[in-house]
Amino acid sequence: MIKLSATVVVAIVSSMFSVAASAAAQCEGPIRDGNTWNLICAADDTHESEDDYQCDYFISLTYSQGIPDQQEATGSVSPGQSGVVIWSSAVHGDDTDIVSASIASGSCTR
């Protein structure tokens with residue numbers, strides 16, 4: 001019983017540290033700004049390291065004809081930066097318009 005409790009405590013503490021580390025940089029959106037969809041990222045100024053965060057996301061798109069698509073968005077964000085656009089796409093394409101965009105998955109890591 002004691003061994004199980006110690007294992008549970010270690011798992012909880014480990015998950016707390018991984019959540020704190022991943023919460024230091026994140027992306028929001030995509031946000032429609034006029035005729036453009038943008039995925040915007042920011043990173044806390046943690047003073048732990050000057051290393052950039054590498055962000056890798058997949059964006060789910062729906063076109064006006066109901067056709068789904070997915071695009072990869074990658075880029076880097078320095079500690080203390082905000083408003084960094086790592087993905088952008090025009091609303092009006094050659095044959096169809098993007099009517100919705102959302103984050104399917106992704107994260108920023110060092």
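The values are calculated or read from the model by the stated rules, or taken from the named source; none is laboratory data. Note that the structure is predicted; figures quoted are calculated from it, not measured. Because the Cβ atoms are built from the backbone with ideal geometry, glycine has one as well, and the counts that use them run over all protein chains shown.
Some observations on this one:
- Hits in region 52-81 (condition: of a type in the set (S, T, N, Q), surrounded by 13 or more Cβ atoms within 10 Å (Cβ to Cβ) and not in a strand (DSSP E or B)): SER64, SER78, GLN81
- Residue within region 62-83 that is within 13 Å of the chain's Cα centre (by Cα) and modelled with pLDDT under 90 present: no
- For region 27-51, a residue qualifies if it is of a type in the set (Gly, Ala, Ser), assigned to a strand (DSSP E or B) and touching a residue at least 60 places away in the same chain (Cβ under 8 Å), and the qualifying residues are GLY29, ALA43.
- Cβ pairs under 8 Å, 6+ apart, first in region 62-77 and free of Cβ contacts under 8 Å to residues at least 40 places away in the same chain, second among the small types (Gly, Ala, Ser) and surrounded by 15 or more Cβ atoms within 10 Å (Cβ to Cβ): THR62/ALA101; PRO68/SER60; ASP69/SER60; GLN70/SER60; GLN71/SER89
- Residues being in contact (Cβ under 8 Å) with a residue 40 or more places away in the chain, polar (S, T, N, Q) and part of a loop (DSSP other than H, G, I, E, B) - total across region 82-100: 1
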